[in-house]
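The structure appears below as structure tokens.
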Amino acid sequence: MDGSRLLGRLFGVRAEQVDPGADGPAEAPGMPGPAGVTVVGGGIAGMSAAVVLAERGVRVTVLEGAPRLGGRLSARPESLPDGTSQLVDHGFHAFFRQYYNWRAILRRIDPGLGFLRPVDGYPVLSADWPPEEFGRLPAAPPANLLALLARSPSLRLRDLRDIDRRAALPLLAYDPERTHRDHDGASARQLLDRLHLPDRARAMLFEVFAHSFFNHEADLSAAELIAAFHFYFLGNPEGLAFDAPDLDHDSAIWRPLAAHAERRGAVVHTGDPAVEVRPGWRVDTAAGRTHRSAFLVLAVDPPALRDLLAASPRLAAAAPVLAGQVAAAGVGPPYAVARFWFGGDVAPGRSVFSGVSRQPTLDSITLYHRLERGARRWADRVGGSVVELHAYACPDLPAPVLADRMRAELAALWPETAGLPVIDLRAETGARAPAFRPGTAAGRPGVRTDADRLYLAGDGIHTDLPSALMERAAATGITAANHVLRRLGAAAEPLRSVRPRGLLAGRRG
Ligand SMILES: Cc1cc2nc3c(=O)[nH]c(=O)nc-3n(C[C@H](O)[C@H](O)[C@H](O)COP(=O)(O)OP(=O)(O)OC[C@H]3O[C@@H](n4cnc5c(N)ncnc54)[C@H](O)[C@@H]3O)c2cc1C
């Protein structure tokens, strides 16, 4: 065992199993007497619920409104001007190693997770300071924190003396209840202000992290930032390391996962959105179909949940608490993704993935041609590159405008890209992320609702299990399936968690 893991062990940082039961994919006994479940939404949350239920012999129907599964992780076919056809992801995704529950779902289609390849390094770039490397820290806390403090040029020993240690303590003492009770009233910006960090450390170590949660710092709850710091950095023995598929998301994940669920009896409908839900449960779709079931899981994105409730007065009357929560929860600001097919390459030493700090629009750069097979084949053939730029919380402007801005900001950081000819560009924006506004945690919708046999899942749905983004979507999806299984008298699917509380939170009870 290396030193950092030993330190991690001493501080009790290891994965914990939250629900009792066997580890790994459950080869559970079949359920007697099928009870139907309709799952609306075929992204990570909905498909995680559907896979678990179908494996237990529960009759499950997935209704996905888009032509393909995957939601914000989907991929769609695109034709380039040279006639090449490629499946283009909705955006690059980092599959962190502590995404235990999402990875457990993915193990159903690839037990060794061979399609995930390590993404080496995680530099943060800025126009004002040299890059800061996040990726090559020791994996386990507190060694990673100590190494970051010792190594980072953004924080010197004398800076540490100036940091407000009382303001910093909550970052090390995450507790699912106390953190939200004590810190949800403030914004992430106020929390960072209170730390009194040197400007460079704030920009390079914290702002870039806060930006990754699809919300502006001033509108993001400080409690959510503390929870994310715990989940990504201090609460897990894997560190900030992540992997990414070497194939597009449709080929690597969604087609195999749908086939896995269908082999176990699940029915998956795509391209037909739910338009109204009635208690009972009954779901009407745009194509005029009606699906009836004993249980309903709504696993749609936040604006879709808001719209579905608005279009379902009988559902809103049967679940008044839920209706109020969804109306108050809100939706995060727009994000932008621009994928450039360039007629030349960036400098050889550039990292596959880089975070960007303090640019007005650009938040990350991904070199798809050094990551994904389809993009690599194209780039090798034409001597080009496939570069994807993201803005995680941006102004509400047309996608081509945001793509132009991000490209100009890229050229300021990597001057060699300024002259690269653009062979093709796919630019899009979306506003489908959850909002985590200060003061809203207590009223956020959870997996259980005030309507009988109606459950929610998704990355905007509250859970005490430390998680975010893809992992929260999977964890809430499995939790929704577990509620159904318990009602049917079946054993729950095991859920795994990073350390549930912070290093300095003390033990409960
Ligand atoms: C550009 C980008 C980059 C990202 N990078 C990362 C990353 O690096 N790491 C990470 O962990 N996360 C990342 N995320 C976040 C991640 O994609 C989401 O957290 C996750 O995909 C959410 O899954 P979900 O199932 O909750 O929601 P969604 O993926 O939004 O799925 C909801 C589904 O419901 C469907 N739907 C909506 N309305 C209806 C209806 N009426 N009827 C039927 N179906 C309906 C939608 O079409 C969709 O398929 C990124 C997101 C984006 C946009």
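Structure notes:
- Selection count where residues are touching a residue at least 24 places away in the same chain (Cβ under 8 Å), open to solvent by 20 Å² or more (accessible area, probe 1.4 Å) and either farther than 19 Å from Arg68 by Cα or not assigned by TED's automatic domain parsing to the domain that holds Val326 (or both), scope the range 271-291: 4
- Those residues of the range 458-501 which are polar (S, T, N, Q), assigned to a helix (DSSP H, G or I) and either at pLDDT below 95 or more than 16 Å from Ala441 (Cβ to Cβ) (or both), in sequence order: Thr479, Asn482
- Scanning the range 482-492 turns up no residue that is in contact (Cβ under 8 Å) with a residue 24 or more places away in the chain and within 16 Å of the ligand (Cβ to nearest atom).
- Condition check for Leu308: part of a helix (DSSP H, G or I) and open to solvent by less than 20 Å² (accessible area, probe 1.4 Å): yes
- Boolean, Asp345 is open to solvent by 30 Å² or more (accessible area, probe 1.4 Å) and either among the β-branched types (Val, Ile, Thr) or in contact with an Asp or Glu (Cβ under 9 Å, 6 or more places away or on another chain) (or both): yes
- In the range 116-134, the residues that are of a type in the set (D, E, K, R) and open to solvent by 30 Å² or more (accessible area, probe 1.4 Å): Arg117, Asp120, Asp128, Glu133
- Test: residue in the range 245-252 that is out of contact with any Gly (no Cβ under 9 Å at 6 or more places or on another chain), polar (S, T, N, Q) and either farther than 21 Å from Glu55 by Cβ or in contact (Cβ under 8 Å) with a residue 12 or more places away in the chain (or both): no
- Matching residues in the range 195-211 - criterion: being buried (at least 16 other Cβ atoms within 10 Å of the Cβ) and among the charged types (D, E, K, R): Arg200, Arg202, Glu207
- Subset of the range 390-409 [touching a residue at least 24 places away in the same chain (Cβ under 8 Å), in a helix (DSSP H, G or I) and more than 15 Å from the ligand (Cβ to nearest atom)]: Pro400, Arg405, Arg407, Glu409
- Count of the range 292-305 residues which are over 19 Å from the mean Cα position of the chain (by Cα) and open to solvent by 30 Å² or more (accessible area, probe 1.4 Å): 2
- Here Leu192, Leu149, Leu137, Leu171 are screened, and the one residue that is open to solvent by less than 50 Å² (accessible area, probe 1.4 Å), without any contact (Cβ under 8 Å) to a residue 40 or more places away in the chain and not β-branched (Val, Ile, Thr) is Leu192.
- Matching option when the condition is modelled with pLDDT of 95 or more and touching a Gly at 6+ places or on another chain (Cβ under 6 Å), among Leu402, Leu389, Leu420: Leu420
- Selection status of Ala227, closer than 13 Å to Gly502 by Cβ and modelled with pLDDT of 95 or more: yes
- Residues located in the range 65-100, provided they are open to solvent by less than 20 Å² (accessible area, probe 1.4 Å) and among the acidic types (Asp, Glu): Asp89
The values are calculated or read from the model by the stated rules, or taken from the named source; none is laboratory data. Source: prediction; values computed, not measured. Ideal geometry is used to build each Cβ from the backbone, glycine not excepted, and the neighbour counts take in all protein chains shown. To get the accessible areas, we keep the full protein, side chains included, count just its heavy atoms, and leave off ligands, DNA and RNA. Shrake-Rupley method; radii C 1.70, N 1.55, O 1.52, S 1.80 Å.
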